[in-house]
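A short write-up of the structure that comes next.
The values are calculated or read from the model by the stated rules, or taken from the named source; none is laboratory data. Predicted, not measured: the structure shown is a model, and the values here were computed from it. Here the Cβ positions follow ideal geometry from the backbone for every residue, glycine too, while neighbour counts run over all protein chains shown.
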Amino acid sequence: MERIVPASLSPSLRADPPADDTVARMLAGADGPAEIAARIAAINRELARWQTNGGLASWRPGPDLDPRAAEALLDYLAACLHLPEWADPAAIARAETLFMDMSMLSCTLLFCASLPECYVLPDLSAVLHAAGQLEAHTDYRVRSTAAMIFPVMLAGGLTSPEGGGVAQALKVRLIHATIRYLILRGPPTAALGAAPLPPLAPAGGGMFHTLYAHGWDTSVNGLPCNQEELAYTLLTFSYVFVRGLRTLRLGLAPHDEAAYLHAWNVLGHVLGIERGLMATTMEQARHDFESMQARGRRLVRTPDPRPRLAADLMKAMENEIPIRFLKPVPTLLTRLLCKGDATRDLGLNARAPLLARALFAIGLVLVRSVDAVVRVFRPGFSISRMLTRALGQRLVTHFLLDQTRPLRLPDALLNEVNDATAAWRTDPKAPRWMHRIEARLAGRAPAR
């Protein structure tokens, strides 16, 4: 399918007019970050009622919501609620099945491939750095991302009235627009061609004050959370996921890869990403992904926030590995999945000792060799799948299923996520003896 790319402003200077207009209308007249934060808090209480796709059509604002915000949100839903006409329900359903089939492996790829690749673009990392989402609360970004991915990829997440994928995505879209408004201290249209915004001393604590005081030069950095960055992030959860499966020698059939890309492109539409920036084939996705990374690397930031962000993510994963000898595994797996240039950008090359790298490389060759031989007699056999599933279970248990900090999802959706991840504990493709080994590596009792 031929893509039509707008020829006016570059993607780095394009944002999301429907969402930006909604946020500008809701925050118009607010005097400074404190009043903006108070308004956002009131709006967020209302958005908590956006629980299911079907419920959005009948949503009406509560009596305590400012009438201007209520009208803006109603207009936003009217303009952005529906899936695009090119959405293919069969392809979306196939992508959901694939995600569920990969189960805990999907989570490992999220931690060790998709999220690290998100941090490669310096401007994207700068926004995360400013918000303190990873340094202060390493699991915040992980949990926020999972709170969107799970509702989208569970059965019917995008297509069923009972699903919650569209509802969650429309909330995230407003979050992106709010970040732009705070960093630019106003709507993006006013920032184009304007003088750089100097940093300020934060008027208070918290993310809102930090973003408002950050400072920004649109002529150099483009807009925060711009179209190119949004399209790049989408590729980290579609293209990078499929590429990771290929790297692990667990690749999908071409039509399944296309279905997975398609489902995420439908989500991209709901998130406000322009159709012309979406890739429909793996080759197209690879070209776009590498081009965006190359452009991003031309912008040098001092200090570079990326190594610190990546180090904190790696440290958080290492903390979940009880055996000291195996603690380098998350970093080594990330190096394998993210390739050379990205690992250098993220400062991962120096994190793993030489001996650990050598043992990991030897182990990788052995696992791939055994898998290749055994699959001749038993298709679907995979030690690689077992090991990555075990790591995924450890990470999911801490980051996503910790009952002291449950995912911020409606109760019905949270129960659905818990049921799905509980079902993932046993791999139907593996023999019983592999179930026992996986359970031991994952730190849980084997299923009876």
Quiz item: Out of curiosity, is Glu290 closer than 19 Å to Thr343 by Cβ, touching a Lys or Arg at 6+ places or on another chain (Cβ under 6 Å) and of a type outside the set (Val, Ile, Thr)?
Solution: no
Practice problem: Confirm whether Pro198 is within 26 Å of Pro307 (Cα to Cα) and either modelled with pLDDT of 95 or more or surrounded by fewer than 22 Cβ atoms within 10 Å (Cβ to Cβ) (or both). | Solution: yes
Exercise. Specify which of the listed residues (Ala342, Ala352, Ala372, Ala358) is crowded, with 18+ Cβ neighbours inside 10 Å and at pLDDT 90 or above.
Key: Ala342
Quiz item: Which residues, counting only those in region 397-430, are of a type in the set (Asp, Glu) and either surrounded by fewer than 19 Cβ atoms within 10 Å (Cβ to Cβ) or at pLDDT 85 or above (or both)?
Solution: Asp402, Asp411, Asp419, Asp427
Quiz item: When Glu318 is evaluated against the numbered criteria (1) within 22 Å of Ala358 (Cβ to Cβ); (2) at pLDDT below 85, which criterion, by number, is the only one it fails?
Solution: (2)
Quiz item: Taking the condition at pLDDT 90 or above, crowded, with 16+ Cβ neighbours inside 10 Å and assigned to a loop (DSSP other than H, G, I, E, B), does Leu158 pass?
Solution: yes
Practice problem: Return yes or no: is Ala390 in a helix (DSSP H, G or I) and modelled with pLDDT of 80 or more? | Solution: yes
Exercise. Could you grab me the full set of residues in region 337-385 that are closer than 26 Å to Thr426 by Cα, touching a residue at least 40 places away in the same chain (Cβ under 8 Å) and in contact with a Phe, Trp or Tyr (Cβ under 7 Å, 6 or more places away or on another chain)?
Key: Asp371
Quiz prompt | Checking Thr22 against (1) more than 21 Å from Gly186 (Cβ to Cβ); (2) polar (S, T, N, Q); (3) buried (at least 17 other Cβ atoms within 10 Å of the Cβ); (4) out of contact with any Pro (no Cβ under 7 Å at 6 or more places or on another chain), the condition it does not meet | solution = (1)
Quiz item: Are any residues in region 276-298 in a loop (DSSP other than H, G, I, E, B) and either free of Cβ contacts under 8 Å to residues at least 24 places away in the same chain or within 27 Å of Leu395 (Cβ to Cβ) (or both), and if so, which ones?
Solution: Thr281, Arg298
Quiz prompt | Candidates Arg306, Arg243, Arg275, filtered to the one that is buried (at least 22 other Cβ atoms within 10 Å of the Cβ), of a type in the set (Lys, Arg) and at pLDDT 95 or above | solution = Arg243
Quiz item: Where residues in region 431-444 are closer than 21 Å to Pro330 by Cβ and either of a type in the set (Lys, Arg) or not in a helix (DSSP H, G or I) (or both), which of them is modelled with the highest pLDDT?
Solution: Arg440
Quiz item: Pick from region 220-230 the residues that are part of a helix (DSSP H, G or I) and under 12 Å from Leu121 (Cα atoms): which of them is modelled with the lowest pLDDT?
Solution: Asn221
Quiz item: Mind checking whether some residue in region 384-391 is in contact with a Leu (Cβ under 9 Å, 6 or more places away or on another chain) and among the basic types (Lys, Arg)?
Solution: yes
Exercise. Out of the residues in region 34-91 that are modelled with pLDDT under 90 and among the charged types (D, E, K, R), state the one that is farthest from Ala24 (Cα to Cα).
Key: Asp64
Quiz item: Can you name the residue in region 52-108 that is basic (Lys, Arg) and assigned to a helix (DSSP H, G or I) and is also surrounded by the fewest Cβ atoms within 10 Å (Cβ to Cβ) among such residues?
Solution: Arg68
Quiz item: Can you name the residue in region 299-336 that is free of Cβ contacts under 8 Å to residues at least 60 places away in the same chain and of a type in the set (Val, Ile, Thr) and, of all such residues, is nearest to Leu109 (Cα to Cα)?
Solution: Thr331
Quiz item: Looking at region 352-370, is at least one residue of a type outside the set (D, E, K, R), assigned to a helix (DSSP H, G or I) and in contact with a Ser or Thr (Cβ under 6 Å, 6 or more places away or on another chain)?
Solution: yes
Self-check item: Selection from region 169-191 of residues that are more than 30 Å from Leu154 (Cβ to Cβ) and assigned to a helix (DSSP H, G or I)
Solution: Tyr181, Leu182, Ile183, Leu184, Pro188, Thr189, Ala190, Ala191
Quiz item: Quick check: is even one residue across region 162-183 at pLDDT below 95 and in contact with a strand residue (DSSP E or B) (Cβ under 8 Å, 6 or more places away or on another chain)?
Solution: yes
Exercise. Confirm whether Glu257 is crowded, with 22+ Cβ neighbours inside 10 Å, in contact with an Asp or Glu (Cβ under 9 Å, 6 or more places away or on another chain), assigned to a helix (DSSP H, G or I) and not aliphatic (A, V, I, L, M).
Key: no
Exercise. Determine, yes or no, whether Ser12 is more than 26 Å from Leu409 (Cα to Cα), touching an Asp or Glu at 6+ places or on another chain (Cβ under 6 Å) and small (Gly, Ala, Ser).
Key: yes
